[in-house]
Amino acid sequence: MIFCGSTLLSLMFLIVCNMRFGLRKGKDVAFDRNDGISLKGIAAFFVIASHLYVYGGFKSIEEGLIAHLIGTMVTQLGGIGVLIFLFVSGYGIQEGYNTKKVGKQYLLNRIRKVWMPYLCIKFLFIVIGKIFNVRNIIKAEDWFIFVITFEYIVYYLVRKVTENKKSIVFGMLVFNAVGSFLCICLCFPAKYFNSMWLFVVGVVFSCYQKKIVFLLKKNILFNSFLALICFLCLGIIFTIFKGQFFCEACKPVSGIALVVFLCCILRNIELKSPVLKWGGKNSLQLYVVHVSLHDFFPHLNGIFMVIYLIITVIIVEGIVRITDKLRLGTRKRLENF
């Protein structure tokens, strides 16, 4: 377990050491493209660190208050990573299609960027699973793929009806309210509906970023501090009372506070980490691969954790190269369909 713990700490240390910072003048946008990629990288590594802590059996060896607090914080990184990823996805989609028509090409891009890698990974693990007699390939953690797909479809439907920013935001709020209601009625886990709202928040930030940036930069230090305090307080409340319905609103609201804090910080600081950029560009593949790979490592400790991480990187790189070729090969066929 000591080796297992040192491996996890080494992973986190590697990420921190590669988080190179650069100063820059304040931007006119909330987040630029580089920010989005780096934030997705942070989100991906947060989720992996959280899952490694749980899969590695660290919770079973927590002794004392400090160890318990550290363990709780690491465990919550997964939820934070999902909130960041959904926000960046909503923000990025509105930025990309702000002045574009949303039509067939939009749907084809979603298939190529989300479902093609996902299905390739699942097919690979179905084959490997038959060889090693592992059958549980469709994981509970795959919920994220279906939530992000739901949001992409909602955005498509809303944009087909209106181009007005206020109407876009209102339409997405209505669809998400209906989606949340259905999730509750169908007894889906709370993560299905308490995280999806950050996608809408991302769209809102893109639509009204000039006003948001103007308000935040008026007193950026105070706003940063206030946002950080709100994020921490609401996160603590959610963690303590997790599972109780009344506190489910704390998660998306704390996520909003977090992205406000990030917006303030990244106005004058640029993330230049190649590790984060690699993780950001391949964030979806990283998420699906490391979750799918877990069943092949029932005892994720010691040297097996190192092997697990190495195999994850190798498979991700392989899937990226394969899907890139498939995209090039099927692009013209899909567009002419």
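The values are calculated or read from the model by the stated rules, or taken from the named source; none is laboratory data. Keep in mind the model is a prediction, meaning the values are calculated, not measured. No Cβ is skipped: glycine too gets one built from the backbone with ideal geometry, and neighbour counts run over all protein chains shown. With ligands, DNA and RNA removed, areas are computed over all heavy atoms of the protein, side chains included. Shrake-Rupley method; radii C 1.70, N 1.55, O 1.52, S 1.80 Å.
Ignoring ligands, DNA and RNA, what percent of the 1.4 Å accessible area of region 75-227 is carbon and sulfur?
72
Could you tell me the ratio Rg/Rh of region 211-337? Both radii from Cα atoms, Rh via Kirkwood.
Taking Rh as the inverse mean 1/r over Cα pairs, Rg/Rh reads 1.11.
Would you work out which of 158, 96, 120 lies farthest towards the positive end of the dipole of region 81-217? Charges go on Cβ: Lys and Arg +1, Asp and Glu -1.
So the residue furthest toward the plus end is 96.
Extending each Cα 7 Å along its Cβ direction at residue 114 and residue 233, get the distance between those two points in nm, one decimal.
For the pair residue 114/residue 233, the computed spacing is 3.5 nm.
Per residue of region 186-196, in order, report the coupling 6.51 cos²θ - 1.76 cosθ + 1.60 (Karplus, θ = phi - 60°) as ³J(HN,Hα) in whole Hz, putting x for Gly and Pro.
Per residue, the Karplus-derived 3J(HN,Hα) values read 8, 6, 6, x, 4, 4, 5, 10, 8, 9, 4 Hz.
If I model a spin label as a point 7 Å beyond the Cα along the Cα-Cβ vector, how far apart are those points for residue 67 and residue 128 in nm?
Result for the modelled spin labels: 3.2 nm.
Please compute the length gained on full extension between residue 28 and residue 324, using 0.36 nm multiplied by the number of residues separating them and subtracting their Cα-Cα distance.
So the extension gain works out to 103.3 nm.
Residue farthest toward the positive end of the dipole of region 192-337, with Cβ of Lys/Arg at +1 and Asp/Glu at -1: which of 274, 230, 216?
Going by the charge dipole, the pick is 216.
Determine, from the Cβ-Cβ distance of residue 177 and residue 303 and an R0 of 41 Å, the FRET efficiency 1/(1 + (r/R0)^6), rounded to the nearest 0.05.
Rounded to the nearest 0.05, the efficiency is 0.25.
Taking the Cα-to-Cβ direction at residue 242 and at residue 54 and moving 7 Å from each Cα, how far apart do the two end points lie in nm?
Using points 7 Å along Cα→Cβ, the separation is 0.7 nm.
Can you bin region 102-253 into rounded, prolate or oblate? Criterion: square roots of the alpha carbon gyration tensor eigenvalues sorted a ≥ b ≥ c, rounded for a/c under 1.5, prolate for a/b above b/c, oblate for the rest.
Taking the square roots of the gyration eigenvalues as a ≥ b ≥ c, region 102-253 is oblate.
When each pair of different Cα atoms in region 74-160 is counted once in the 1/r mean, what is the Kirkwood radius in angstroms, to one decimal?
After inverting the mean inverse Cα-Cα distance, the result is 15.0 Å.
Rank-order 258-270, 226-238, 299-311, 210-222 by packing density, defined as the average count of other C-beta atoms within 10 Å over each peptide's residues, highest first.
Descending mean neighbour count gives 258-270, 226-238, 299-311, 210-222.
So what is Rg over Rh here for region 209-250, counting just Cα atoms and using Kirkwood for Rh?
In region 209-250, Rg relative to Rh is 1.18.
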